[in-house]
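Enquirer: Below is one structure. I have some questions about it.
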Amino acid sequence: MNVKNYVRFEFQSLPENISFARSCVAAFAAQLDCTLDDIEEIKLVVSEAVSNSIIHGYASNPHEKVVIAVSIMDDDTLEIIVEDYGVGIEDVEKAMEPTYSTDPSRMGLGFTFMKSFMDELEVVSKPGKGTTVKLKRNFAVANKEAYA
Ligand SMILES: Nc1ncnc2c1ncn2[C@@H]1O[C@H](COP(=O)(O)OP(=O)(O)O)[C@@H](O)[C@H]1O
Ligand SMILES: [Mg+2]
């Protein structure tokens, strides 16, 4: 699959950058044939992934780097990659279970939302090295019915 268009940006791991990140990704995704509801879903999954990097990856240490790369493939698949270089995840499969959280004050539904609003979710993580979350969703007109 070839890349038709992409953007890539990085920012400090500060909670005030979550809305910046989700708005940037949403503005880029708007060139696809997507509805306002689709855009809201994209914003939500980006918020979940970015807040995970900030809260869990860096344990709220504000001076670390989060990188986002967003691509549109030539079949109108949107690919969003959120990357941090934080603590990483010991057991990715367990972390992705609904309601699992290492923080008792949280709901543990971030990955569940990402999975349900996107076609594909891939998490690659190395303890002590960081976490990469790759999200994909196809916006080709022929696939619209799947989300109707
Ligand atoms: N980027 C990350 N770095 C380190 N740990 C993470 C990261 N993202 C998720 N996790 C781990 O996976 C768990 C589940 O994440 P999630 O489903 O978003 O639920 P929540 O954020 O409510 O805990 C988190 O509690 C955390 O332990
Ligand atoms: Mg979360």
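Enquirer: Under 20 °C and 1.002 mPa s, how fast does the chain diffuse according to Stokes-Einstein, given a Kirkwood radius computed over C-alpha pairs? Answer in µm²/s, whole number.
Expert: 138
Enquirer: In Å, what Rg and Dmax follow from the Cα atoms of segment 31-117?
Expert: 14.1, 42
Enquirer: Give me the accessible area of MET1, 1.4 Å probe, in Å² rounded to the nearest 10.
Expert: Answer for MET1: close to 150 Å² accessible.
Enquirer: Oh, and also: What do you get when you divide the Cα radius of gyration of segment 1-70 by 2.2 N^0.38 Å, with N the number of residues?
Expert: Ratio of Cα Rg to 2.2 N^0.38 Å: 1.15.
Enquirer: Would you kindly find the accessible area of HIS56, with a 1.4 Å probe and non-protein molecules such as ligands, DNA and RNA excluded, rounding to the nearest 10 Å²?
Expert: 60
Enquirer: First compute the accessible area of segment 3-142 with a 1.4 Å probe, then give the percent of it belonging to carbon and sulfur atoms.
Expert: 53
Enquirer: Sticking with this structure for a sec: Just reorder GLU40, GLU90 by solvent-accessible area, largest first, 1.4 Å probe, all chains present.
Expert: Per-residue accessible area, sorted high to low, gives GLU90, GLU40.
Enquirer: I would also like to ask the following. If you put +1 on each Lys and Arg Cβ and -1 on each Asp and Glu Cβ, how big is the dipole of the chain around its Cα centre, in Debye rounded to 20?
Expert: Numbers: 14 positive and 24 negative charges, 68 e Å.
Dipole size: approximately 320 debye.
Enquirer: Just to confirm, what accessible area per residue do you get for segment 1-40 at 1.4 Å probe, in whole Å²? It would help to have the intermediate numbers written out before the result.
Expert: On the way: 2650 Å² over 40 residues.
Each residue of segment 1-40 exposes 66 Å² on average to a 1.4 Å probe.
Enquirer: Taking Cα pairs under 8 Å and at least six residues apart, what relative contact order does segment 8-67 come out at, in percent? Please list the in-between numbers first.
Expert: Details: 58 pairs, mean separation 34.0, N = 60.
About 57 percent, as a whole number.
Enquirer: Also: Working with all protein chains in place, sort THR35, THR102 by solvent-accessible area computed with a 1.4 Å probe, largest first.
Expert: THR102, THR35
Enquirer: Rank ASP33, ASP75, ASP84 by accessible area, highest first, at a 1.4 Å probe radius?
Expert: From most exposed to least exposed: ASP33, ASP75, ASP84.
The values are calculated or read from the model by the stated rules, or taken from the named source; none is laboratory data. All figures in this text were calculated on a predicted structure; none of them were measured in a lab. Positions of Cβ are generated from backbone atoms using ideal geometry, with glycine treated the same way; all protein chains shown enter the neighbour counts. For accessibility, only protein heavy atoms count, side chains too; no ligands or nucleic acids. Shrake-Rupley method; radii C 1.70, N 1.55, O 1.52, S 1.80 Å.
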